[in-house]
Amino acid sequence: MNTTDTVRDSLTMLRRNLLHIRRYPSLTVMLIAQPIVFLLLFVYVFGGTLGAGLPGHRGGGDRGDYLVFIIPGILIMTVASVALGTAISTATDMTTGIIARFRTMDIARASVLTGHVLGAVIRTSLAVVIVTAFAFLLGFRSGAGPLDWLGAIGLLILIGFSLTWLTVGLGLAADSVESASNTPLFLVLLPFVSSAFVPTGAMPAGLRQFAEHQPFTPMIDTLRALVTGAAAGSDLWLAIGWCALIALLGCLWSRRLFLRVPAR
Amino acid sequence: MRAAIGVTGQFSAIDELLTGRENLRLMADLAHLDRTGRPPARSDRENGRSPWSRRAAGWTGARAAVTAMPERFDLVGVAGRPARTYSGGEKRRLDLAMTLIARPRLVFLDEPTTGLDPRSRRELWTIVREQVAVGVTVLLTTQYLEEADHLADRIGVLDGGRLVAEGTAAQLKRRVPGGHVSVRFTDAHALAAAAVAHPEASRDAETLTLRMPGEGGIAGLRRLLDGLDDESVADLTVSSADLDDVFLALTGRGAAAAAAPIAQEISA
């Protein structure tokens, strides 16, 4: 099996996954609606109060300032939400007979997985664009230029790519589609204990240390710098490092799970 | 090795969200079909001919194969519909078409006709015969002994996971010379009495029929008839051996063993 055949089979599997997305759009709609609901909830229900507590604004910020503050966290949630969908679609795929057929065929076997990951990258880009457009609709404005936005979208896709390798593994490890839709929930909840919704400085000591050092925080801080047009600094490299580590471990784990001899 | 084989299991290995045509296209692309719709020759891979040049040629070959398959498998009317809306027979035919589009030289079919109506079963038999005619080796497992008799060049009988006999249908039938004698009785009492006298026979209480292995020859039949009461016999048939007799004789457990599968082999 040479590299060109591997690429070719992966693109064939990608086309299969894109057809799945088209035939089963309700999953994508639900995954994109989730961060939008959080955005509306946080801006309009909590935004007035939380905005007042933001540092760096004389006399506290308002709802508009809070919208700018939480956009990076919402975008990370969007990416995590799409990754959760991939765990569901991978687990669903494993329950179907066609996977057994793929195993008997002379194809690059990991292409089944790369097809899922490439499909998820496209779904992530779509979701990020929709959620960002929605934020602009709510009045989000910033001094970020096109290059900053390009960088932000690039970073989000990289995050989506690495989280997806992790959720593909979770989907393969799950014994049912139901559990595959539950185990990756921590990815959607983890941004709450980070710099996404409130500055970490306001948290009690132990929690603050966790929030400051968990992988999502450098990602969110980098995104915040990019979408507001500020300098990203060393957080960028930390964020990329985390992504590379998660992608590598997720990829190795998923491959091992997929290539093992089926129990049946 | 994997490129030369095709497998169709008992459960449909199709993508239910895709249409029939998309399923076939998926298989054609994964099989890397060339301009003529054939899988790439082994020498192409080994002498390093670029897969990309094969790919450009493959689009026409794959498209032709994808168009031809629904016609061969009577799926033209449904080829544009998602496979989850297909009937059982349509799913089974699509499943087989997906296996055969890659032109395997050895095909494994695991009980392909289980649960099919008689017409679909006959259509599937025709497809299997066509494959054998063009030189494909087919290994097919089935519970229907009649099917093995119709299709197979060589038959292997499996009992409890072990191969207990192997040969052509004629060779196997010669091992059970007498065939069987079926006697239908007028009442359950007479059936019970005869069943006691012939413990080796299998009994069907519903139709009041006793099926006894024949010994072959006139003498054996006469002995059997002497043991029966004229009044209590409604009907009697003498049959030459079929594969059911072979199976029952070989597995030696009477009617209770009928659930064990038969493997049959059609070699090219």
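The values are calculated or read from the model by the stated rules, or taken from the named source; none is laboratory data. Predicted, not measured: the structure shown is a model, and the values here were computed from it. Here the Cβ is made from the backbone with ideal geometry for all residues, glycine too, and neighbour counts use every protein chain on show.
Residues in region A:11-30: is at least one loosely packed, with under 14 Cβ neighbours inside 10 Å and within 25 Å of residue A:216 (Cα to Cα)?
Yes, region A:11-30 contains at least one residue that is loosely packed, with under 14 Cβ neighbours inside 10 Å and within 25 Å of residue A:216 (Cα to Cα).
If you scan region A:196-224, which residues turn out to be part of a loop (DSSP other than H, G, I, E, B) and free of Cβ contacts under 8 Å to residues at least 12 places away in the same chain?
A:203, A:204
Is it the case, given these coordinates, that residue A:6 is within 14 Å of chain B (Cβ to nearest Cβ) and either within 26 Å of the chain's Cα centre (by Cα) or not in a helix (DSSP H, G or I) (or both)?
Considered against the rule, which asks whether it is within 14 Å of chain B (Cβ to nearest Cβ) and either within 26 Å of the chain's Cα centre (by Cα) or not in a helix (DSSP H, G or I) (or both), residue A:6 comes out as yes.
Do we have any residue at all in region B:16-30 that's crowded, with 19+ Cβ neighbours inside 10 Å and at pLDDT below 85?
No: zero hits.
Scan region A:91-122 for residues that are hydrophobic (A, V, I, L, M, F, W, C), in a loop (DSSP other than H, G, I, E, B) and without any contact (Cβ under 8 Å) to a residue 40 or more places away in the chain and jot them down.
Hit for region A:91-122 is A:105, nothing else.
Examine region A:149-170 for a residue that is assigned to a helix (DSSP H, G or I), touching a Phe, Trp or Tyr at 6+ places or on another chain (Cβ under 6 Å) and at pLDDT 90 or above, and state whether such a residue exists.
The answer is yes; a qualifying residue exists.
Name the single residue that is surrounded by the fewest Cβ atoms within 10 Å (Cβ to Cβ) among those in region A:183-195 being in contact with a helix residue (DSSP H, G or I) (Cβ under 8 Å, 6 or more places away or on another chain) and assigned to a helix (DSSP H, G or I).
Among those that are in contact with a helix residue (DSSP H, G or I) (Cβ under 8 Å, 6 or more places away or on another chain) and assigned to a helix (DSSP H, G or I), it is A:185.
Just to be sure before I move on: is residue A:214 over 21 Å from residue A:162 (Cα atoms) and polar (S, T, N, Q) in the structure I sent?
When the stated conditions are applied, residue A:214 does not pass them.
Going through B:113, B:186, B:168 one at a time, which residue ends up being of a type in the set (Ser, Thr, Tyr), crowded, with 17+ Cβ neighbours inside 10 Å and either in the same structural domain as residue B:32 (by TED's automatic domain parsing) or more than 30 Å from residue B:68 (Cα to Cα) (or both)?
B:113
Does region A:131-147 contain any residue that is under 22 Å from residue A:183 (Cβ atoms) and either part of a helix (DSSP H, G or I) or over 14 Å from the mean Cα position of the chain (by Cα) (or both)? Spell out how you get there, then give the answer.
To start, the set of residues in region A:131-147 that are under 22 Å from residue A:183 (Cβ atoms) comprises none.
So far as region A:131-147 goes, no, none of its residues is under 22 Å from residue A:183 (Cβ atoms) and either part of a helix (DSSP H, G or I) or over 14 Å from the mean Cα position of the chain (by Cα) (or both).
Could you tell me whether any residue of region A:230-249 is closer than 26 Å to residue A:170 by Cα, modelled with pLDDT under 95 and not in a helix (DSSP H, G or I)?
The answer is no; no qualifying residue exists.
List the number of the failed condition for residue B:51; all other conditions in (1) more than 22 Å from residue B:107 (Cα to Cα); (2) modelled with pLDDT of 65 or more; (3) at the interface with chain A (Cβ under 10 Å from one of its Cβ atoms) hold.
All conditions are met except number (2).
Restricting to region B:62-87, name every residue that is assigned to a helix (DSSP H, G or I), within 14 Å of another protein chain (Cβ to nearest Cβ) and surrounded by 16 or more Cβ atoms within 10 Å (Cβ to Cβ).
Hits for region B:62-87 are B:62, B:66, B:83.
Residues that are among the acidic types (Asp, Glu) and within 11 Å of chain B (Cβ to nearest Cβ): does region A:55-72 have at least one?
No, because not a single residue in region A:55-72 is among the acidic types (Asp, Glu) and within 11 Å of chain B (Cβ to nearest Cβ).
Just to verify a result, which residue in region A:75-89, among those that are more than 14 Å from chain B (Cβ to nearest Cβ) and among the polar types (S, T, N, Q), is farthest from residue A:136 (Cα to Cα)?
So, considering only residues that are more than 14 Å from chain B (Cβ to nearest Cβ) and among the polar types (S, T, N, Q), the one farthest from residue A:136 (Cα to Cα) is A:86.
Answer yes or no as to whether residue B:142 is among the hydroxyl-bearing types (Ser, Thr, Tyr), crowded, with 20+ Cβ neighbours inside 10 Å and in contact (Cβ under 8 Å) with a residue 40 or more places away in the chain. First the steps, then the outcome.
Working: among the hydroxyl-bearing types (Ser, Thr, Tyr): yes; crowded, with 20+ Cβ neighbours inside 10 Å: yes; in contact (Cβ under 8 Å) with a residue 40 or more places away in the chain: yes.
In short, yes.
I'd like the full set of residues that are at the interface with chain B (Cβ under 9 Å from one of its Cβ atoms) and touching a residue at least 40 places away in the same chain (Cβ under 8 Å), limited to region A:16-26.
The answer is A:16, A:20.
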